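Everything below concerns the one structure shown next.
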Amino acid sequence: MGVSLFERWSPEYALCNAFEDMKQDGLDGLKKHLTSNALKNVESMESIANTPGVSMLTNAIMGGNTISVFLDNLSECDWTINDIMKGSETSKAIIGFDYQDMMTGTIEMTLIREEKIWKIDGLGMPKFDKINIPQADSDKSEE
């Protein structure tokens, strides 16, 4: 019983819960597991994804509005914990994602214990290893 209690309060347990909630509710599911600091990072990513000028730049560089597609499809991604460095009050993790084998990559994050519960405190921008997203009709008409 002691081992399961330890696992229940571990950073891995917190990440697995976040993965389950993202599968269920996408971005809203993730937000339940964030500190206010991490929530600001996510809101910045949402802002970048929804800014017209930045979206056009993203289209030119990445062949599609990658961040927007990523955020819109969190619930359809397969999530893994690639690496984790645990401390007693803070941890660092690298998580992997795979969106239908069209978009794969990693995200670096930090977790902190906030009132005895592990929460995601810092999120890096996704690092994409593979991007192969079909272009929307509006993108094709701009070519």
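Read the figures in this text as sums done on the coordinates, not as results from a lab. Remember, predicted model here, so these are calculated numbers, not experimental data. Backbone-built Cβ (ideal geometry, glycine too); neighbour counts: all protein chains shown.
Quick notes
- Summed side-chain charge close to Ala49 - residues other than Ala49 whose Cβ falls under 12 Å, Lys, Arg +1, Asp, Glu -1: -3
- Protection proxy ranking of 26-33, 78-85, 122-129 - average other beta-carbon atoms within 10 Å, highest first: 26-33, 122-129, 78-85
- Computed over neighbours whose Cβ is under 12 Å from that of Asp129, the net charge equals 0, Lys and Arg +1, Asp and Glu -1.
- Net charge of Cβ neighbours under 14 Å - reference Asp101; Lys, Arg +1; Asp, Glu -1: -3
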